[in-house]
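Remarks on the structure that follows.
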Amino acid sequence: MRTFTTLLFSALMMISCNKITPVYPDEPVVDYQGFGLYISVDALGNTTLIGQLTFDFTDGDGNLGLPPLVDTTELNLPDTVKYNFFLQLYDLQDYDYVEIPDEDGGLLKYRIPYLDKQPLSGTMDLKIYYPVIKYDTIYYTFYIFDRDYNRSNTDTTDIIVLSGIDLEEY
């Protein structure tokens, strides 16, 4: 009986030690985690406000990120080929949030570096530089594309208040 109990206990331990591989959808998923602000002074003495967006992501087929960009200045490539992370800025104006147009810096475009692991999950931090504070109370929506051009869900940051930050003070 003692041998049977030892054998059963050993079998349960082996089963509990097996790692279960998570299953994620092939389309990427983003999940907002937080947004922080801090002020930085570079080697030349320039003061800049920096926002740091933190988000979790998953991608079941692991094809997130883009290879290093070659010179595409003469090619008329769509943005989803050159960039794979997009942030849309909204500003509080007369008690309503208004989408800031692309020509006014409302759509920010970034490149997530090449990642290749199945399934893929993790946390990313993205820095947004504000050398000049143009807006007072803002938020962002954001989404990503994988290499198969699958678009993720769109997530939203908290409201970010930039009023009262004086870059001249530092």
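The values are calculated or read from the model by the stated rules, or taken from the named source; none is laboratory data. Bear in mind the structure is a predicted one, so any value in this text is a computation, not a measurement. Don't worry about glycine lacking a Cβ; one is built from the backbone with ideal geometry, like all the others, and counts go over all protein chains shown.
Cβ-Cβ contacts under 6 Å between residues 6 or more apart (or on different chains), taken from a first residue in the range 74-88 that is at positive phi and modelled with pLDDT of 75 or more to a second residue that is of a type outside the set (Val, Ile, Thr) and in a helix (DSSP H, G or I), are absent. The residues of the range 133-169 that are assigned to a loop (DSSP other than H, G, I, E, B) and either touching a helix residue (DSSP H, G or I) at 6+ places or on another chain (Cβ under 8 Å) or of a type in the set (Asp, Glu) (or both), listed by number, are Ile133, Asp136, Asp148, Tyr149, Asp158, Asp166. Residue-level check: of (1) touching a Phe, Trp or Tyr at 6+ places or on another chain (Cβ under 8 Å); (2) within 13 Å of Tyr90 (Cβ to Cβ); (3) loosely packed, with under 14 Cβ neighbours inside 10 Å, Asp104 misses just (1). Of all residues in the range 23-35, at least one satisfies being more than 26 Å from Tyr140 (Cα to Cα), loosely packed, with under 13 Cβ neighbours inside 10 Å, modelled with pLDDT under 90 and out of contact with any Cys (no Cβ under 9 Å at 6 or more places or on another chain).
A quick yes/no check of all residues on (1) small (Gly, Ala, Ser); (2) under 17 Å from Asn153 (Cα atoms); (3) assigned to a loop (DSSP other than H, G, I, E, B); (4) at pLDDT below 85:
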{"position": "Thr5", "(1), (2), (3), (4)": "no, no, no, yes"}
{"position": "Ser10", "(1), (2), (3), (4)": "yes, no, no, yes"}
{"position": "Met13", "(1), (2), (3), (4)": "no, no, no, yes"}
{"position": "Ile20", "(1), (2), (3), (4)": "no, no, yes, yes"}
{"position": "Phe57", "(1), (2), (3), (4)": "no, yes, no, no"}
{"position": "Gly62", "(1), (2), (3), (4)": "yes, yes, yes, no"}
{"position": "Pro68", "(1), (2), (3), (4)": "no, no, yes, yes"}
{"position": "Asp71", "(1), (2), (3), (4)": "no, no, yes, yes"}
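Within the range 76-113, the set of residues being more than 27 Å from Ser163 (Cα to Cα) and over 14 Å from the mean Cα position of the chain (by Cα) comprises Asn76, Leu77, Pro78, Asp79, Thr80, Val81, Lys82. Considering the range 129-157, and only residues there that are farther than 16 Å from Asn84 by Cα and aliphatic (A, V, I, L, M), the residue that is modelled with the lowest pLDDT turns out to be Val132.
Taking the conditions exactly as written (modelled with pLDDT of 90 or more and under 26 Å from Asp26 (Cα atoms)), does Ile160 satisfy them or not? No; evaluated as a whole, the condition is false for this residue. Based on this model, can you work out whether Asp96 counts as at pLDDT 95 or above and closer than 23 Å to Leu64 by Cβ? Taking the combined requirement at face value, the residue does not satisfy it. Can you give me the number of residues within the range 154-170 that are exposed (fewer than 12 other Cβ atoms within 10 Å of the Cβ) and either of a type in the set (Phe, Trp, Tyr) or in contact (Cβ under 8 Å) with a residue 24 or more places away in the chain (or both)? So the count comes out to 3.
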